[in-house]
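Here's the structure we're looking at; comments come further down.
The values are calculated or read from the model by the stated rules, or taken from the named source; none is laboratory data. These numbers were taken from a predicted model, which means no experiment stands behind them. Cβ sites come from the backbone with ideal geometry, for glycine too, and all protein chains shown count toward neighbours. The accessibility values were calculated without ligands, DNA or RNA, using every heavy atom of the protein model including side chains. Shrake-Rupley method; radii C 1.70, N 1.55, O 1.52, S 1.80 Å.
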Amino acid sequence: MNMKSLLSLCALLPALTLPAHAHNLTVGQPLPSTSVTDQGELILQGNDVVYQPWQTSQLSGKVRVIQAIAGRSSAKELNAPFIETIKSANLPHDKYQTTTIINQDDAIWGTGGFVKSSAEDSKKEFAWSSIVLDAKGQVRSRWELKEESSAIIVLDPAGQVVFVKEGELSRSDIDQAMSKIQSLL
């Protein structure tokens, strides 16, 4: 191998060992601002669900857990144990809110209508929760989240990130996130 080939190979090695994907969310900072205008936040009007534009500036004022998930059941199942822990904690609705952002653009081909219907059913069942249907994947793109996955983000009342993890939360992660939530209430 000549010297030029060796130098070229050495230059490529760091790129090959870097993680394939990393979000751009930072503990102690606000979320990168974004909005969802195609679909948006689900709002109940009587028994009907309507959609309104949504933006990150709406997230301050309460402790929040944001679950940003792909529109597929496998992504929803990744952090179902954490969501069950949140539900069983009976957190005060005046100080806490869950915001679920569903990336409809990251659904299995042909299931977009089912994803939308499921989101609407969830809004009817959990009226106090904030649910955002992101038809074009604007949030995933802006926050550089992994496809086909789930991210859990905890925000303080000022809208600063205090916990973030993509993928499945371990028992230790769940305990850490819940501890942060409880300390902020």
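Summary table
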{"item": "Accessible-area order (highest first, 1.4 angstrom probe) of the listed residues GLU144, GLU120", "result": "GLU144, GLU120"}
{"item": "Helix runs (DSSP H) in the chain reaching 15 Å along axis by Cα, Kyte-Doolittle at least 1.0", "result": "3-17"}
{"item": "Lysines whose Cα lies under 20 Å from that of LYS180, excluding same-chain neighbours fewer than 8 positions away", "result": "LYS62, LYS87, LYS95, LYS165"}
{"item": "By average C-beta atoms within 10 angstrom, highest first, the peptides 58-71, 147-160", "result": "58-71, 147-160"}
{"item": "Rounded if a/c under 1.5, otherwise prolate or oblate - segment 26-125, Cα gyration tensor axes", "result": "rounded"}
{"item": "Residue-normalised accessible area of the chain, given per residue in Å² at a 1.4 Å probe", "result": "54 Å²"}
{"item": "Size of charge dipole - segment 108-180 - debye, nearest 20, with Cβ of Lys, Arg +1 and Asp, Glu -1, no other charges", "result": "180 debye"}
{"item": "Percent antiparallel among DSSP beta bridges (both partners in the chain, rounded to 5)", "result": "65 percent"}
{"item": "Solvent-accessible ranking of GLU77, GLU166, largest area first, probe 1.4 Å", "result": "GLU77, GLU166"}
{"item": "All-pairs alpha carbon distance profile, segment 66-185, 5 Å steps from 0, percent", "result": "2, 11, 22, 25, 21, 14, 5, 1, 0"}
{"item": "With every protein chain in place, segment 48-176: carbon and sulfur % of accessible area (1.4 Å)", "result": "47 percent"}
